[in-house]
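S.K.: Quick one: structure below, then a few questions.
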Amino acid sequence: MTAILLAVLLAVPVASGALPARSAAPVAVTQPGPAPVAPAEIPGLPPELRELVEMARSLHAALGAPPPPGPVVDGPEVAEEWAGFALPAAMARLREVRSETTLVVPRATTLDVSTFAGTIAVQAWSRNDVRVVARHGRRDRLQPRLVNGTLTVVVVDRAGQPAFGDLTVLVPDWMPMRLSSIESPIDVEGVRAAIEAGSIRGDVVVRQVVGALQLRSVEGLVRVFDARGSVQVASINNLVRLDRITGGIDAESVNGDIQMSNVDSHDVDASSVNGNVQFLGPFQPRGRYRLASHNGNLRVGVPVGADVDVSVHNFRGAFRNGLLPPVGPHGAGSRFTFTLGGGGSSLELQSFQGFIQLLRSNEMLPPQAPPPAPRPPSVPRAEDR
């Protein structure tokens, strides 16, 4: 029950985020009057606010606690103020218990972390065991299990179903992992092993890693910084951002942009349906680089002295070569090839109705700084070191 209510709650971030912050509790109605009516019966109550009030009541009931004191819900303004107190109070109850455990694991162990909602943060440390820190509700529990070479970490409710939990896991840097969630953002740092991570609505951020990456999100960002190894990334409705990557790249997006900068790769395949695709990095000898977008623009930064065989296919779009000497002109609906320097690398650019640009590397906008790494919530005690 808790999981279902949380799924509905977290699926309406706009409505819940719009509630004003308050510093004092609402004044309760003391005068006698009619009994409180259901939110569905309040005249003029917007549908999203009606749903918010019902969620606040249901969430508190599922957590085994009454809603915080407040007025009779008799109008839109009072309902909004009541929900503005009830929802944060309920969310605080979801994190009020802290659980912590340390497990000794053999060298070949794989980490498997799954959560319904909350956060997942994984960081490498110098020890060969695993420490798990969780924050969850009073009725839930942290449940780590080591079976057949896989360490599974999950927060569950009394029925054994996945529940809300903020999870921080400290692991040996050699440990491969599989991380999955519905609502949780995922952050991994310092691991030197293969990583599979996916979230439906959360961001996936990986930094300072070595090893094969398979990362995906439906509604969230996918970001990789300072990585060595093959990178396979995808986001349906958000940005894919790759910076300081050494290794092959396979990037996909439907409605989001793909941004690649400081990339040192011999094989790059990046495509988006409605997003823009940007590439900045050296072209390796005999490397293959394919960039495509149906409705978006392509921007490529070319270093001085690059040796590249360029193939351009733009159906209804346009092409601009900002290099010296220029190549063209070429109009919409054209397909052509040309060579920069002595050639050798293959660069394929394709867009149905976008703008394709070749620019000098120093003309590309500098990438934004990567987000700071989150600090772990606990430091090992002296006796544990």
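S.K.: With r defined as the distance between the Cβ atoms of L146 and R320 and R0 fixed at 45 Å, what FRET efficiency is calculated, to the nearest 0.05?
M.R.: 0.20
S.K.: Please work out how much length the chain gains when fully extended from E219 to N362, using 0.36 nm per residue of separation minus the C-alpha to C-alpha distance, in nm with one decimal. Before the final figure, lay out the partial values.
M.R.: Values: separation 143, 0.36 × 143 = 51.48 nm, distance 3.22 nm.
Net length gain for the segment: 48.3 nm.
S.K.: Rounded to the nearest 0.05, what FRET efficiency is calculated for T246 and S126 with R0 set to 25 Å and r the Cβ-Cβ distance?
M.R.: 0.55
S.K.: Another question, then. In whole percent, what relative contact order does segment 232-294 give with Cα contacts below 8 Å and a gap of six or more residues?
M.R.: 29
S.K.: Find how much the distance from L103 to R139 grows on full extension, using 0.36 nm per residue of separation minus their present alpha carbon separation; answer in nm with one decimal.
M.R.: Fully extending the segment from L103 to R139 adds 10.6 nm.
S.K.: Mind checking the full-extension length gain between F355 and R158? Use 0.36 nm per residue of separation minus the Cα-Cα distance, one decimal, nm.
M.R.: My answer for the length gained is 65.4 nm.
S.K.: Can I ask one more? So the label point goes 7 Å from the Cα of V304 along Cα→C-beta, right? Which residues of segment 340-360 then have their backbone N under 14 Å from it?
M.R.: Correct set: 360.
Laboratory data are not the source of any read-out in this text; all were calculated from the coordinates shown. None of these values were measured; they are calculated from a predicted model. As a convention, Cβ positions derive from the backbone with ideal geometry for all residues, glycine included, and neighbour counts pool all protein chains shown.
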